[in-house]
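The values are calculated or read from the model by the stated rules, or taken from the named source; none is laboratory data. Predicted, not measured: the structure shown is a model, and the values here were computed from it. Cβ placement follows ideal geometry from the backbone for every residue including glycine, while neighbour counts extend to all protein chains displayed. All accessible areas refer to the heavy atoms of the entire protein, side chains included, with ligands and DNA or RNA removed. Shrake-Rupley method; radii C 1.70, N 1.55, O 1.52, S 1.80 Å.
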Amino acid sequence: MKPFTTHSGIAAPLLRINIDTDAIIPSREMRRVSKRGLSEGLFAGWRYLYEDDKKLGANPDFILNKPEYAGASILLAGDNFGCGSSREHAVWALAEYGFRAVIAPAFGSIFYNNAVRNGLLPVELSEQSITALAEYSTRAPATNHVNISLENTTVSSNAGDEFHFDIEPLHKEMLLQGLDAIDMTLKHLDEIEEFQNRDKTSRSWAYL
Amino acid sequence: MPKTLFEKIWNDHLIAELDDGACLLHVDRVFLHERTGGIALSSMEAEQRQVRNPGHVFCTMDHIIDTFPGRGDATMAPGGRQFITSARQATRRAGITLFDVNDPRQGISHVISAELGVTLPGLTVVCPDSHTCTLGALGALAWGIGSSECEHALTTETLRLVKPKQMAVRLQGGLAAGVTAKDVILHLTGKYSASGGSGCAIEFCGEGTRRLPVEARMTLCNMAVEFSAFTGIIAPDDETLKYISGRPYAPEGGEWDKAVEYWRRLHTDAGAKYDKELHLDLAEIEPTVTWGTSPQHAIGISGMIPDPDKESNKGTRQAMQRAMDYMGLTAGTAINTIPIDAAFIGSCTNSRLSDLRDAARILKGNKITRRIKAICVPGSSRIKREAEQEGIDRIFTEAGFEWRESGCSMCFYAGGEGFAERERIISSTNRNFEGRQGQGARSHLASPATVAASALTGFITDARNMAIQQ
Ligand code: SF4
């Protein structure tokens, strides 16, 4: 997994609440048994214009289609981002598109867990701070970069604003070092086996 | 120290508290489906990782398969066949039990996980699907995960978790006639917003919960995720045990007795603390329907589409306005006057036998409005057979409904079969997101009874106003 230490980039504001994973990547855009090739489908319902079911082309009004936001790598979003379906494709699509971080007041819990396992940093900030960042970015998207330091757990603007965010130590470590959770857990196989040996007696009915 | 139901299950599965603050939790069952199961398994193969205990892993075909009579592997979903065959091959290689397309046990994962006794009270159950929380209704700790965590659970029989906050939702009193568990959960998200249970393990408790039949409890827990909860859970009781007893994967004989002894402990002790508590008086709830594109856009059937201008929070106001544009509705319209184009009964929320019976009582001897497309998709092949034995299929088809094979079907749109742009659907499913049931399609969530009544009249209708033939 790609580690996340610090990042600085264009921040695109998409300040809608309850952006669900169906909106991040509609199910119809998940055509192959693969974790790749999903960025085309990112926000497909909003990003493209349609006639009935047929894509006509890019929707010029959608934020990511505006030339000044080309290359955006930080997404500013509304409350409850990534609610809904558990599809990890939402994270894969965001990451493949080039996003390194999403900043929102709160996240859907499955989305959050998926993000930290794929090097996409979910940052929880107050709605007020996000609005401030959005206003700052909107003034000059290409140059008014947003800066994130995971080590210091801060988000800052070049205009001097700095916001602190909270993240669980285990998520921070995984992201900082790009650790693979499975490898980490496999180091505890002895404990798992011990647990199961005890458990097989006390909860024998739970074992098929 | 008095403990909550959640804490008891959590503690009994806690293997270790790791240096980084993670709790390493034992996972008793993993359920897969063809939409995400194949990806998880093939990615494990690529990493040369093995399924640690295939005997505790099950897979079904529900998301991508068609639900037309006589179906096979061919599906309308683009690329669908690949999902089906790759899940089939990967489960075979890993030695995982698969409930294949034409297996009599096939059905929607969360429906058959309960029906087959794969899920039992006190177990930890995960599935790469957000509605795994349905199974909390049996007193299991069951929650949805993504692919990476699924690979983790398959490889290690554990997950690394941060202990979620706990919330109690206490249901008081009893439901008025004609009001269902679906109305309760829609009412809850309507009242406290779609993020009202954010990240919490929610225990539904109180006498109102106790009085709900087990299948209704599943409907309630199913939509805990629409309330942004980590999961929902209900303490097992005699009704639960009655439900589980004799299911194919449930314990038998001495093991059953031992299990029952354990399950009797699974309740919240007097004096145990939750982080948050909510109370709902069930008697106040009427049949509830969504008008917008978030489960929080829910109102009583006698209500009107709310006015965004009266909403003080800017984000909520804008979302309401967007939803209204998408749904083609205007503020102040009475919800029970809105005409519909289609009716759908199915999904892991409301496709069990009791749901089909509810709808059939209203449909019996009646015909749906002719211009409407109406579809019923039983939640499992077994439910379909049982309904057919009761003649429910004929009630549906004589009323003008299509009667399908079991699966997720048009609960979600995968690019194959779906509802058309601007088509308005009254649906017993759980998500009314933009495009969820078809590109540009407009979904109104409701109980099976409301769906059936609306199909008859052609507009969103309070089922309590329909004369029901005995
Ligand atoms: S029925 Fe719908 S909500 Fe339930 S598992 Fe299938 S797609 Fe998901």
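Here are the numbers for this structure:
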quantity: Cβ-Cβ under 9 Å pairs, at least 6 apart or on other chains, the stretch B:329-352 side in contact (Cβ under 8 Å) with a residue 24 or more places away in the chain and open to solvent by 20 Å² or more (accessible area, probe 1.4 Å), far side within 16 Å of the ligand (Cβ to nearest atom) and β-branched (Val, Ile, Thr); calculated: B:Asp341/B:Ile425
quantity: Filter result (part of a strand (DSSP E or B) and open to solvent by 10 Å² or more (accessible area, probe 1.4 Å)) within the stretch A:139-153; calculated: A:Asn147, A:Ser149
quantity: Residues (at the interface with chain A (Cβ under 7 Å from one of its Cβ atoms) and not in a helix (DSSP H, G or I)) located in the stretch B:143-163; calculated: B:Gly144, B:Ile145, B:Gly146, B:Glu157, B:Thr158, B:Arg160, B:Val162
quantity: The stretch B:214-251: number of residues that are open to solvent by 40 Å² or more (accessible area, probe 1.4 Å) and touching a Phe, Trp or Tyr at 6+ places or on another chain (Cβ under 9 Å); calculated: 3
quantity: Answer from B:Gln48, B:Gln82, B:Gln89 - the residue that is over 30 Å from A:Cys83 (Cβ atoms), away from the ligand (no atom under 16 Å from the Cβ) and assigned to a helix (DSSP H, G or I); calculated: B:Gln89
quantity: Meets criteria (in a strand (DSSP E or B) and surrounded by 22 or more Cβ atoms within 10 Å (Cβ to Cβ)) for B:Ala319; calculated: no
quantity: Residue within the stretch B:187-200 that is more than 14 Å from chain A (Cβ to nearest Cβ) and touching a Lys or Arg at 6+ places or on another chain (Cβ under 8 Å) present; calculated: no
quantity: Residue ID - most open to solvent (accessible area, probe 1.4 Å), chosen from residues in the stretch B:35-45 that are at the interface with chain A (Cβ under 9 Å from one of its Cβ atoms) and not aliphatic (A, V, I, L, M); calculated: B:Ser42
quantity: Qualifying positions in the stretch B:126-139 - under 15 Å from the mean Cα position of the chain (by Cα) and either within 11 Å of another protein chain (Cβ to nearest Cβ) or among the small types (Gly, Ala, Ser) (or both); calculated: B:Val126, B:Cys127, B:Pro128, B:Asp129, B:Ser130, B:His131, B:Thr132, B:Cys133, B:Gly136, B:Ala137
quantity: Residue pairs meeting the criteria (Cβ under 6 Å; at least 6 apart or on separate chains; first on the phi < 0 side of the Ramachandran plot and surrounded by fewer than 19 Cβ atoms within 10 Å (Cβ to Cβ), in the stretch B:1-25; second assigned to a helix (DSSP H, G or I) and modelled with pLDDT of 95 or more); calculated: B:Ala16/A:Glu191
quantity: Filtered residue count, the stretch B:95-124, keeping only those that are within 14 Å of the ligand (Cβ to nearest atom) and either of a type in the set (A, V, I, L, M) or closer than 20 Å to B:Asn11 by Cβ (or both); calculated: 4
quantity: Positions within the stretch B:305-316 being open to solvent by 40 Å² or more (accessible area, probe 1.4 Å) and within 14 Å of chain A (Cβ to nearest Cβ), in sequence order; calculated: B:Glu311, B:Ser312, B:Asn313, B:Lys314
quantity: Test: residue in the stretch B:158-180 that is within 16 Å of the ligand (Cβ to nearest atom) and surrounded by fewer than 24 Cβ atoms within 10 Å (Cβ to Cβ); calculated: no
quantity: Matching entry among B:Ser447, B:Ser443 (being closer than 24 Å to B:Glu286 by Cβ, out of contact with any His (no Cβ under 9 Å at 6 or more places or on another chain) and within 12 Å of the ligand (Cβ to nearest atom)); calculated: B:Ser443
quantity: Some residue of the stretch B:450-469 being over 28 Å from B:Met304 (Cα atoms), away from the ligand (no atom under 16 Å from the Cβ) and surrounded by fewer than 24 Cβ atoms within 10 Å (Cβ to Cβ); calculated: yes
quantity: Residue list for the stretch A:13-49, filter: farther than 22 Å from B:Ile65 by Cα, within 15 Å of the chain's Cα centre (by Cα) and acidic (Asp, Glu); calculated: A:Asp20
quantity: Residues of the stretch B:374-396 that turn out to be open to solvent by 70 Å² or more (accessible area, probe 1.4 Å) and under 24 Å from B:Gly458 (Cβ atoms), as a count; calculated: 1
quantity: Selection from the stretch B:252-286 of residues that are part of a loop (DSSP other than H, G, I, E, B), within 14 Å of chain A (Cβ to nearest Cβ) and open to solvent by 90 Å² or more (accessible area, probe 1.4 Å); calculated: B:Glu252, B:Arg264, B:Arg265
quantity: Output for the stretch A:100-138, where each listed residue is away from every other protein chain (no Cβ under 11 Å), in a loop (DSSP other than H, G, I, E, B) and within 23 Å of B:Gly315 (Cα to Cα); calculated: A:Leu125, A:Ser126
quantity: Complete set of residues in the stretch A:174-187 that are within 10 Å of chain B (Cβ to nearest Cβ) and crowded, with 18+ Cβ neighbours inside 10 Å; calculated: A:Met174, A:Ala181, A:Ile182, A:Met184, A:Thr185
quantity: Wholly enclosed helices (runs of 4 or more DSSP H) of the stretch A:158-208 bearing at least 1 residues at pLDDT below 95 and farther than 16 Å from B:Arg52 by Cβ; calculated: A:169-177
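Residues are listed down the side, and each one gets a yes or a no for (1) open to solvent by 10 Å² or more (accessible area, probe 1.4 Å); (2) under 17 Å from the mean Cα position of the chain (by Cα); (3) at pLDDT below 95:
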| position | (1), (2), (3) |
| --- | --- |
| A:Val116 | no, yes, no |
| A:Ser129 | yes, no, no |
| A:Ser137 | no, no, no |
| A:Val155 | no, yes, no |
